[in-house]
Amino acid sequence: MSTPNKDKPDFDEEFNQAVTQWREQHKLREDDAVLLLVELFRVHQHHWDVLRRREMPSFEQFRNDISLLGNSAKTFQQQVSLLIETLKKLPPAPPTENVTLTAAILAVIVGLLGGYLIGRAWP
C-alpha cells in the first residue's frame, strides 16, 4: 500500500529551491554565514529525524496486526449485534417464586420458640 516516490512530495528539493530563491532575492554569496547556518540547521534536523525514527518506529511494521485487529473488532461487533437481536426475540423469563411474608414470619416464630425451648431444656 505504499505510494511511489513520485507521488510523495520532495521536501528537500522544495527547501533547496526556497533557499536558492531567498539567496538570489537578498543577493547572498554561496559562502555567506547565513547560508552556513541554514546548512547547519539541516544537519541538525537530519540528526533529530534519524533519532525520532529510531525511537518511534513507523506503523508499517504493525500494519498486519492493525488490520487483523480491525477485522476482529468488526467480527466481534457483528456477533454481538446478532446476540442482542436473538436475546430480544426470546420470551421474558418467568418470575421467580419468592417466600411469602406469612411463611417468613412463621419460620421466625418457630425458630425463636425452638431456640427458647432448647435453651430452657439445656442445663
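The values are calculated or read from the model by the stated rules, or taken from the named source; none is laboratory data. Just so it is clear, the model here is predicted, and its values are computed rather than measured. Here the Cβ positions follow ideal geometry from the backbone for every residue, glycine too, while neighbour counts run over all protein chains shown. Heavy atoms of the whole protein, side chains included, go into the accessibility calculation; ligands, DNA and RNA do not. Shrake-Rupley method; radii C 1.70, N 1.55, O 1.52, S 1.80 Å.
Which one of these does Glu97 not meet: (1) over 33 Å from the mean Cα position of the chain (by Cα); (2) over 30 Å from Phe11 (Cα atoms); (3) among the charged types (D, E, K, R); (4) assigned to a helix (DSSP H, G or I)?
With (1) over 33 Å from the mean Cα position of the chain (by Cα); (2) over 30 Å from Phe11 (Cα atoms); (3) among the charged types (D, E, K, R); (4) assigned to a helix (DSSP H, G or I) applied to Glu97, the lone miss is (4).
Under 8 Å by Cβ, and 6 or more places apart or on different chains, what pairs join a residue from region 1-24 that is surrounded by 10 or more Cβ atoms within 10 Å (Cβ to Cβ) with one that is at pLDDT below 80 and part of a helix (DSSP H, G or I)?
Final answer for the pair search is Val19/Leu35; Arg23/Leu35.
Pick out the one residue from Asp31, Asp49, Asp65 that is of a type in the set (Asp, Glu) and not in a helix (DSSP H, G or I).
Values: Asp49 fails: not in a helix (DSSP H, G or I); Asp65 fails: not in a helix (DSSP H, G or I).
Residue meeting the stated conditions: Asp31.
Failed condition for Phe62, given (1) within 23 Å of Phe11 (Cβ to Cβ); (2) of a type outside the set (Ser, Thr, Tyr); (3) open to solvent by less than 100 Å² (accessible area, probe 1.4 Å), with all others met?
If we test Phe62 against (1) within 23 Å of Phe11 (Cβ to Cβ); (2) of a type outside the set (Ser, Thr, Tyr); (3) open to solvent by less than 100 Å² (accessible area, probe 1.4 Å), just (1) comes out false.
From the residues in region 30-42 that are of a type in the set (D, E, K, R) and modelled with pLDDT under 80, which one is least open to solvent (accessible area, probe 1.4 Å)? Walk me through it before giving the result.
Taking region 30-42 first, the residues of a type in the set (D, E, K, R) are 30-32, 39, 42.
When the remaining residues are screened for being modelled with pLDDT under 80, the result is 30-32.
Values: Glu30: 132, Asp31: 96, Asp32: 37 Å².
Here the residue is Asp32.
Applying the selection to region 100-122, what residues are among the polar types (S, T, N, Q) and part of a helix (DSSP H, G or I)? Break it down into steps so the answer makes sense when it comes.
As a first pass, look at region 100-122 and keep what is among the polar types (S, T, N, Q): 100, 102.
Thr102, the sole residue that qualifies.
Determine, yes or no, whether Leu90 is surrounded by 10 or more Cβ atoms within 10 Å (Cβ to Cβ) and more than 30 Å from Phe11 (Cβ to Cβ). Give the steps one after another, and end with the answer.
Details: surrounded by 10 or more Cβ atoms within 10 Å (Cβ to Cβ): no; more than 30 Å from Phe11 (Cβ to Cβ): yes.
It is false that Leu90 is surrounded by 10 or more Cβ atoms within 10 Å (Cβ to Cβ) and more than 30 Å from Phe11 (Cβ to Cβ).
Quick one: is Val80 assigned to a helix (DSSP H, G or I), within 30 Å of Asn16 (Cα to Cα) and open to solvent by less than 100 Å² (accessible area, probe 1.4 Å)?
On the way: assigned to a helix (DSSP H, G or I): yes; within 30 Å of Asn16 (Cα to Cα): no; open to solvent by less than 100 Å² (accessible area, probe 1.4 Å): yes.
Considered against the rule, which asks whether it is assigned to a helix (DSSP H, G or I), within 30 Å of Asn16 (Cα to Cα) and open to solvent by less than 100 Å² (accessible area, probe 1.4 Å), Val80 comes out as no.
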